[in-house]
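Participant: Take a look at this one; I'll ask things after.
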Amino acid sequence: LRLALSDASHGVYMWSRPPPPSPPPPPPFATMLPVVASVLVCWVLPFLLMRLVERRERAALASTSAALRRQLCAAVRDIATRSLPGDRCLILSGGVDTCAILAAAEEVGVSFAAGITVLTGDDSPDKEFAVAAATAHGLAHHVVFVTASDLVQTYLPQCADSLHTFDGMTLRNSLVVAAAFRKARELGFKHAVVGDGADELFGGYSFMWGCGDDLPQWRRKRDAMCAEWTFATAALAEMHGLRADGPFLEPGFVRWALASTGRPECIGSRPIPLPP
(Lines give C-alpha, C1' and ligand atoms only; values in the text may rest on other atoms or scores of the structure.)
Protein backbone atom coordinates (compact mmCIF):
# COMPACT_ATOMS: atom_id res chain seq x y z
CA LEU A 1 0.00 0.00 0.00
CA ARG A 2 2.79 2.38 0.89
CA LEU A 3 4.47 1.55 -2.42
CA ALA A 4 1.22 2.16 -4.27
CA LEU A 5 0.59 5.45 -2.52
CA SER A 6 4.18 6.46 -3.18
CA ASP A 7 3.84 5.71 -6.85
CA ALA A 8 0.53 7.54 -7.02
CA SER A 9 1.84 10.62 -5.24
CA HIS A 10 4.90 10.57 -7.45
CA GLY A 11 2.71 10.43 -10.47
CA VAL A 12 0.55 13.31 -9.26
CA TYR A 13 3.63 15.30 -8.45
CA MET A 14 5.16 14.66 -11.86
CA TRP A 15 1.89 15.46 -13.61
CA SER A 16 1.40 18.70 -11.75
CA ARG A 17 4.92 19.93 -12.55
CA PRO A 18 5.34 21.75 -15.90
CA PRO A 19 7.40 19.84 -18.46
CA PRO A 20 10.97 21.02 -18.85
CA PRO A 21 11.60 23.26 -21.84
CA SER A 22 12.96 21.50 -24.96
CA PRO A 23 16.50 22.43 -25.98
CA PRO A 24 16.72 25.08 -28.66
CA PRO A 25 17.30 23.76 -32.20
CA PRO A 26 20.89 24.03 -33.41
CA PRO A 27 21.61 26.86 -35.79
CA PRO A 28 21.32 25.92 -39.50
CA PHE A 29 25.06 26.22 -40.06
CA ALA A 30 25.78 23.76 -37.27
CA THR A 31 23.79 21.06 -39.06
CA MET A 32 25.62 21.84 -42.30
CA LEU A 33 29.08 21.90 -40.75
CA PRO A 34 29.83 18.17 -41.24
CA VAL A 35 28.69 18.38 -44.87
CA VAL A 36 30.80 21.48 -45.54
CA ALA A 37 33.83 19.89 -43.89
CA SER A 38 33.39 16.75 -45.99
CA VAL A 39 33.18 18.76 -49.21
CA LEU A 40 36.26 20.76 -48.27
CA VAL A 41 38.33 17.69 -47.46
CA CYS A 42 37.15 15.50 -50.32
CA TRP A 43 36.79 17.99 -53.17
CA VAL A 44 37.95 21.55 -52.63
CA LEU A 45 41.33 20.93 -51.03
CA PRO A 46 42.43 18.29 -53.59
CA PHE A 47 41.31 20.60 -56.40
CA LEU A 48 43.27 23.53 -54.96
CA LEU A 49 46.34 21.34 -54.46
CA MET A 50 46.06 20.08 -58.03
CA ARG A 51 45.83 23.63 -59.35
CA LEU A 52 48.84 24.63 -57.27
CA VAL A 53 50.87 21.74 -58.65
CA GLU A 54 49.79 22.58 -62.19
CA ARG A 55 50.76 26.20 -61.70
CA ARG A 56 54.20 25.22 -60.45
CA GLU A 57 54.64 22.79 -63.33
CA ARG A 58 53.65 25.49 -65.84
CA ALA A 59 56.09 27.92 -64.24
CA ALA A 60 58.90 25.34 -64.38
CA LEU A 61 58.06 24.50 -68.00
CA ALA A 62 58.01 28.19 -68.92
CA SER A 63 61.42 28.64 -67.32
CA THR A 64 62.85 25.66 -69.22
CA SER A 65 61.29 26.89 -72.46
CA ALA A 66 62.88 30.30 -72.02
CA ALA A 67 66.25 28.67 -71.35
CA LEU A 68 65.84 26.48 -74.43
CA ARG A 69 65.13 29.56 -76.52
CA ARG A 70 68.31 31.25 -75.27
CA GLN A 71 70.42 28.15 -75.89
CA LEU A 72 69.06 27.65 -79.40
CA CYS A 73 69.56 31.30 -80.30
CA ALA A 74 73.15 31.13 -79.07
CA ALA A 75 73.82 27.97 -81.09
CA VAL A 76 72.35 29.49 -84.26
CA ARG A 77 74.39 32.65 -83.73
CA ASP A 78 77.59 30.62 -83.37
CA ILE A 79 76.89 28.61 -86.52
CA ALA A 80 76.26 31.79 -88.50
CA THR A 81 79.84 32.91 -87.89
CA ARG A 82 81.06 30.04 -90.07
CA SER A 83 79.62 31.29 -93.37
CA LEU A 84 78.32 34.31 -95.23
CA PRO A 85 74.54 34.81 -95.41
CA GLY A 86 74.50 34.38 -99.18
CA ASP A 87 76.26 31.03 -98.92
CA ARG A 88 73.96 29.61 -96.24
CA CYS A 89 70.71 27.67 -96.65
CA LEU A 90 68.37 25.87 -94.28
CA ILE A 91 67.22 22.33 -94.96
CA LEU A 92 63.62 23.07 -93.96
CA SER A 93 61.93 19.77 -93.19
CA GLY A 94 58.77 21.42 -91.86
CA GLY A 95 59.16 19.72 -88.51
CA VAL A 96 59.38 21.44 -85.16
CA ASP A 97 63.18 21.27 -85.24
CA THR A 98 63.91 23.27 -88.40
CA CYS A 99 60.96 25.63 -87.88
CA ALA A 100 62.42 26.43 -84.44
CA ILE A 101 65.81 27.10 -86.05
CA LEU A 102 64.17 29.50 -88.48
CA ALA A 103 62.41 31.36 -85.67
CA ALA A 104 65.59 31.53 -83.56
CA ALA A 105 67.59 32.81 -86.53
CA GLU A 106 65.14 35.65 -87.07
CA GLU A 107 65.32 36.53 -83.37
CA VAL A 108 69.11 36.92 -83.41
CA GLY A 109 69.35 38.49 -86.85
CA VAL A 110 70.75 35.47 -88.70
CA SER A 111 69.53 35.03 -92.26
CA PHE A 112 69.39 32.20 -94.77
CA ALA A 113 69.53 32.75 -98.49
CA ALA A 114 66.93 30.03 -98.99
CA GLY A 115 65.15 27.07 -97.49
CA ILE A 116 65.11 23.68 -99.19
CA THR A 117 62.38 21.11 -98.61
CA VAL A 118 62.31 17.62 -100.09
CA LEU A 119 58.89 15.97 -100.45
CA THR A 120 57.99 12.51 -101.63
CA GLY A 121 54.41 13.48 -102.52
CA ASP A 122 51.80 16.23 -102.36
CA ASP A 123 50.25 14.57 -99.31
CA SER A 124 53.44 14.78 -97.26
CA PRO A 125 52.43 15.77 -93.70
CA ASP A 126 55.25 18.34 -93.39
CA LYS A 127 54.48 20.17 -96.61
CA GLU A 128 52.04 22.70 -95.18
CA PHE A 129 54.26 23.44 -92.19
CA ALA A 130 57.33 24.00 -94.36
CA VAL A 131 55.45 26.31 -96.71
CA ALA A 132 53.86 28.22 -93.83
CA ALA A 133 57.19 28.66 -92.03
CA ALA A 134 58.97 29.91 -95.15
CA THR A 135 56.14 32.31 -95.93
CA ALA A 136 55.95 33.65 -92.38
CA HIS A 137 59.69 34.43 -92.34
CA GLY A 138 59.95 35.70 -95.91
CA LEU A 139 62.32 32.90 -96.87
CA ALA A 140 62.96 31.97 -100.48
CA HIS A 141 61.66 28.42 -100.60
CA HIS A 142 62.72 25.64 -102.96
CA VAL A 143 60.63 22.47 -102.88
CA VAL A 144 62.09 19.32 -104.41
CA PHE A 145 59.65 16.55 -105.30
CA VAL A 146 61.09 13.06 -105.56
CA THR A 147 59.52 9.66 -105.85
CA ALA A 148 60.47 6.52 -104.00
CA SER A 149 61.92 5.23 -107.26
CA ASP A 150 64.07 8.36 -107.57
CA LEU A 151 65.43 7.88 -104.07
CA VAL A 152 66.33 4.26 -104.69
CA GLN A 153 67.75 4.59 -108.18
CA THR A 154 69.48 7.96 -107.91
CA TYR A 155 70.52 8.44 -104.30
CA LEU A 156 70.81 4.97 -102.76
CA PRO A 157 73.94 3.91 -104.70
CA GLN A 158 75.62 7.26 -104.00
CA CYS A 159 74.85 7.08 -100.27
CA ALA A 160 75.96 3.47 -99.90
CA ASP A 161 79.21 4.22 -101.71
CA SER A 162 79.94 7.47 -99.89
CA LEU A 163 79.00 6.27 -96.39
CA HIS A 164 80.55 2.81 -96.84
CA THR A 165 77.56 1.12 -95.25
CA PHE A 166 74.62 -1.09 -96.07
CA ASP A 167 72.83 -0.33 -92.80
CA GLY A 168 69.17 0.05 -93.71
CA MET A 169 68.31 2.70 -91.16
CA THR A 170 71.31 4.86 -92.01
CA LEU A 171 70.67 4.66 -95.74
CA ARG A 172 66.94 5.29 -95.45
CA ASN A 173 67.51 8.45 -93.40
CA SER A 174 70.23 9.62 -95.78
CA LEU A 175 68.30 9.54 -99.06
CA VAL A 176 66.17 12.63 -98.54
CA VAL A 177 69.12 14.52 -97.04
CA ALA A 178 71.20 13.68 -100.09
CA ALA A 179 68.44 15.01 -102.35
CA ALA A 180 68.36 18.26 -100.37
CA PHE A 181 72.14 18.65 -100.51
CA ARG A 182 72.14 18.04 -104.23
CA LYS A 183 69.67 20.88 -104.68
CA ALA A 184 71.75 23.12 -102.39
CA ARG A 185 74.83 22.48 -104.53
CA GLU A 186 72.88 23.24 -107.71
CA LEU A 187 71.78 26.56 -106.21
CA GLY A 188 75.38 27.45 -105.39
CA PHE A 189 75.24 27.22 -101.58
CA LYS A 190 78.25 26.23 -99.51
CA HIS A 191 76.77 25.86 -96.02
CA ALA A 192 73.64 23.91 -95.04
CA VAL A 193 72.01 24.11 -91.60
CA VAL A 194 70.06 21.04 -90.49
CA GLY A 195 67.84 19.99 -87.59
CA ASP A 196 69.74 16.82 -86.64
CA GLY A 197 69.70 15.89 -82.95
CA ALA A 198 66.41 17.47 -81.88
CA ASP A 199 64.40 14.25 -82.07
CA GLU A 200 66.98 12.35 -80.06
CA LEU A 201 67.33 15.02 -77.38
CA PHE A 202 63.66 15.89 -76.97
CA GLY A 203 61.74 12.67 -77.64
CA GLY A 204 60.68 13.26 -81.21
CA TYR A 205 60.44 9.56 -82.02
CA SER A 206 57.31 7.59 -81.15
CA PHE A 207 59.35 4.89 -79.41
CA MET A 208 60.36 7.56 -76.87
CA TRP A 209 56.78 8.33 -75.81
CA GLY A 210 56.67 5.57 -73.20
CA CYS A 211 57.97 5.43 -69.62
CA GLY A 212 55.26 7.81 -68.46
CA ASP A 213 55.36 6.22 -65.01
CA ASP A 214 59.16 5.93 -64.83
CA LEU A 215 60.75 9.30 -65.52
CA PRO A 216 64.29 8.33 -64.44
CA GLN A 217 64.20 5.36 -66.83
CA TRP A 218 63.14 7.61 -69.72
CA ARG A 219 66.01 9.94 -69.02
CA ARG A 220 68.55 7.11 -68.78
CA LYS A 221 67.44 5.71 -72.12
CA ARG A 222 67.51 9.13 -73.78
CA ASP A 223 70.96 9.94 -72.41
CA ALA A 224 72.34 6.54 -73.44
CA MET A 225 71.02 6.97 -76.99
CA CYS A 226 72.52 10.45 -77.30
CA ALA A 227 75.86 9.23 -75.97
CA GLU A 228 76.10 6.83 -78.92
CA TRP A 229 74.40 8.76 -81.71
CA THR A 230 75.95 9.08 -85.14
CA PHE A 231 74.81 11.15 -88.09
CA ALA A 232 75.70 10.76 -91.74
CA THR A 233 74.95 14.40 -92.49
CA ALA A 234 78.53 15.68 -92.48
CA ALA A 235 79.70 12.94 -94.85
CA LEU A 236 76.76 13.54 -97.19
CA ALA A 237 77.45 17.27 -97.20
CA GLU A 238 81.10 16.68 -98.01
CA MET A 239 80.04 14.41 -100.86
CA HIS A 240 78.23 17.40 -102.36
CA GLY A 241 80.94 19.95 -101.62
CA LEU A 242 79.07 21.50 -98.68
CA ARG A 243 79.54 22.09 -94.99
CA ALA A 244 76.67 21.06 -92.72
CA ASP A 245 75.99 22.23 -89.16
CA GLY A 246 73.09 21.79 -86.77
CA PRO A 247 72.42 23.92 -83.68
CA PHE A 248 71.00 20.93 -81.82
CA LEU A 249 74.37 19.21 -82.22
CA GLU A 250 76.44 22.08 -80.85
CA PRO A 251 78.31 20.74 -77.79
CA GLY A 252 77.05 23.46 -75.45
CA PHE A 253 73.47 22.92 -76.50
CA VAL A 254 73.71 19.15 -76.08
CA ARG A 255 75.16 19.53 -72.57
CA TRP A 256 72.37 21.88 -71.57
CA ALA A 257 69.61 19.68 -73.03
CA LEU A 258 70.81 16.53 -71.30
CA ALA A 259 71.23 18.30 -67.96
CA SER A 260 68.05 20.38 -68.01
CA THR A 261 65.30 18.37 -69.70
CA GLY A 262 63.46 15.15 -68.99
CA ARG A 263 60.25 13.52 -70.10
CA PRO A 264 57.87 16.15 -68.59
CA GLU A 265 59.59 18.89 -70.61
CA CYS A 266 59.79 16.86 -73.81
CA ILE A 267 56.67 14.71 -74.18
CA GLY A 268 53.27 16.35 -74.40
CA SER A 269 50.60 17.68 -76.71
CA ARG A 270 50.48 21.25 -77.97
CA PRO A 271 48.32 22.72 -80.75
CA ILE A 272 50.29 24.09 -83.72
CA PRO A 273 48.02 26.44 -85.69
CA LEU A 274 48.68 27.08 -89.34
CA PRO A 275 48.00 30.55 -90.75
CA PRO A 276 45.00 30.77 -93.10
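Participant: Enumerate the lysines that K127 could reach by cross-link, defined here as Cα to Cα under 28 Å, with residues fewer than 8 away along the same chain left out.
Facilitator: Cross-link targets: K183, K190.
Participant: Now a separate question. Which shape class applies to the range 193-271: rounded if a/c is under 1.5, otherwise prolate when a/b exceeds b/c and oblate if not, where a ≥ b ≥ c are the square roots of the Cα gyration tensor eigenvalues?
Facilitator: prolate
Participant: Using packing as a proxy for protection, rank 96-103, 59-66 so that the peptide with the highest average count of other Cβ atoms within 10 Å comes first.
Facilitator: 96-103, 59-66
Participant: Here's something else I'd like to know. Given charges of +1 on the Cβ of Lys and Arg and -1 on the Cβ of Asp and Glu, with all other atoms neutral, how large is the dipole of the range 80-151 about its Cα centre, in debye to the nearest 20?
Facilitator: 260 debye
Participant: Work out how much length S124 to A103 would gain on full extension: take 0.36 nm times their residue separation and subtract the Cα-Cα distance, in nm to one decimal.
Facilitator: Gain in length upon complete extension: 5.3 nm.
Participant: Å³ per residue of the Cα convex hull, for the range 107-159?
Facilitator: Expressed per residue, the convex hull around the Cα atoms of the range 107-159 is 105 Å³.
Participant: Further question: In Å³ and rounded to a whole number, note down the convex hull volume per residue for the Cα atoms of the range 135-202.
Facilitator: 136 Å³
Participant: So, one more: So if I take the centroid of the Cα atoms in the range 129-155 and the same for the range 219-257, what is the distance between those two points in Å?
Facilitator: 22 Å
Participant: Something else now. Quick one: pull the percent of accessible area on the range 64-139 belonging to carbon and sulfur, 1.4 Å probe, ligands and nucleic acids left out.
Facilitator: The nonpolar share, carbon plus sulfur, comes to 53 percent.
Participant: Hey, another quick one. Students often check this: by mean Cβ neighbours within 10 Å, which of 199-208, 86-95 ranks highest, and how do the rest follow?
Facilitator: Most protected by this proxy first, the peptides run 86-95, 199-208.
Participant: Going highest first, how would you order 118-131, 232-245 by mean Cβ packing within 10 Å?
Facilitator: In decreasing order of mean packing, 118-131, 232-245 become 232-245, 118-131.
Participant: Note the direction-averaged projected area, equal to a quarter of the hull surface, for the Cα convex hull of the range 64-223, in nm².
Facilitator: Orientation-averaged projected area of the Cα hull: 10.9 nm².
Participant: For K221, which aspartates and glutamates qualify as cross-link partners when the Cα separation must be under 13 Å and same-chain residues fewer than eight apart are set aside?
Facilitator: E200
The values are calculated or read from the model by the stated rules, or taken from the named source; none is laboratory data. Being a predicted model, the structure only gives us computed values, none of them experimental. Positions of Cβ are backbone-derived with ideal geometry, glycine not excepted, and every protein chain shown enters the neighbour counts. Calculation scope for accessible area: heavy atoms of the full protein, side chains included, ligands and nucleic acids excluded. Shrake-Rupley method; radii C 1.70, N 1.55, O 1.52, S 1.80 Å.
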